[in-house]
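Below: one structure, written as structure tokens.
The values are calculated or read from the model by the stated rules, or taken from the named source; none is laboratory data. As the structure is a prediction and not an experimental result, all values here were calculated from the model. Quick reminder, even Gly has a Cβ in these numbers, built from the backbone with ideal geometry, and neighbours come from all protein chains shown. Ligands, DNA and RNA are stripped out before the accessible areas are found, and what is left, the full protein with its side chains, is counted by its heavy atoms. Shrake-Rupley method; radii C 1.70, N 1.55, O 1.52, S 1.80 Å.
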Amino acid sequence: MLTKSSQSALPHRQISKSPANGAPRWRTDYFSTVGGGKVTSDPQAFLIEMPMNDQILPHFHVVDQFQVFVSGAGKVGRSDVLLPLTIHYADRFTGYGPIDAGPQGYSYFTLRAQTDSGPVYLHQPGYREKLQPSKKRHFSAHAAISTEAVLANREQVTVEDVSEKTADYDDGLDAKLIRAGANMSITGQDPKESGGQYYLIVNGSLIHQDQHLAKWSVMFVHATDPALSAKSGPEGCELLMLQFGKQ
């Protein structure tokens with residue numbers, strides 16, 4: 001199991017320039033870094049913070065991925081404006097985009113069970129030759145988070161499906177939102193029939209092995225790991241469980 005707290009990750013933001021408008025764009029690596037042109041078995045997780053009116057052109061990746069849009073507002077492809085929290089999933093070799101940030105900017109986590117070799121842009125010559133067969137699944141879903149008072153005073157742990165579509169998948173692909181009040185025990189889903197799981201804290205905090213994990217902390221559970229066992233913090237906790245299909 002891999003764990004990275006937001007407290008340790010966010011101070012190490014890296015800054016670059018947006019190719020779209022030259023404005024600053026920020027990236028925070030949680031697990032792994034850019035794959036250097038090769039796919040590796042290492043989980044890869046990072047946060048992108050797009051500036052206002054930025055754009056990322058349509059592209060695909062050669063590994064499966066979840067994205068969680070956590071602040072600001074924007075669009076993915078021809079969608080309506082997507083507000084936090086929006087969860088987007090795309091199978092490998094499945095094109096999507098563009099990602100358009102609005103005037104408040106747009107920030108999102110990218111979560112992969114494998115490190116990607118880099119985006120393949122659909123406007124570049126030769127992209128069709130790089131496509132390979134895949135299930136071409138993709139979906140977007142919205143999840144509402146609780147107010148501070150409601151979260152802290154929840155009386156039991158609840159688990160909600162993020163997308164109804166995952167009920168149709170037979171390889172374990174899944175997305176759930178776990179809600180817990182203050183100081184409650186949380187047991188995750190058994191990962192053994194999956195391709196690995198991410199847990200992203202989207203509200204409150206989590207205590208895991210005596211480590212306090214604040215909002216925007218990230219955990220990755222390998223298929224060979226035991227299920228997550230943790231406790232919500234004193235303000236309660238809401239966390240996404242994003243599970244990859246078994247390969």
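Expressed as a whole percent, the accessible surface of region 51-172 that belongs to carbon and sulfur atoms is 50, based on a 1.4 Å probe.
Peptides 195-204, 208-217 ranked from most to least packed by the mean count of surrounding Cβ atoms within 10 Å: 195-204, 208-217. Using heavy atoms of the protein chains and a probe of 1.4 Å, the accessible area assigned to ARG92 is about 60 Å². The mean of 1/r over all distinct Cα pairs in region 104-243, once inverted, gives the Kirkwood hydrodynamic radius of 16.7 Å.
The calculated 222 nm mean residue ellipticity attributable to helices in the chain amounts to -500 deg cm²/dmol, summing -39500 (n - 2.57) over DSSP H runs of n ≥ 4 and dividing by all residues. The lysine pair tally for the chain, using Cα distances under 18 Å and a gap of 8 or more places or different chains, is 15. The distance separating the Cα centre of region 1-80 from that of region 146-165 comes to 26 Å. Send over the Kirkwood Rh of the chain, from the inverse of the averaged 1/r over different Cα pairs, rounded to one decimal Å. After inverting the pairwise mean of 1/r, the radius is 18.4 Å. Averaged over its residues, region 1-157 has an accessible area of 50 Å² per residue, based on protein heavy atoms and a 1.4 Å probe. As a length-normalised measure over Cα pairs under 8 Å and 6 or more apart, the relative contact order of the chain settles at 19 percent.
Might you tell me the accessible area per residue for region 172-231, computed with a 1.4 Å probe and given in Å²? Before the final figure, lay out the partial values.
Numbers: 2230 Å² over 60 residues.
Value returned for region 172-231: 37 Å² of accessible area per residue.
For region 128-192, the equivalent ellipsoid derived from the alpha-carbon gyration tensor has semi-axes of 33, 14, 10 Å in decreasing order.
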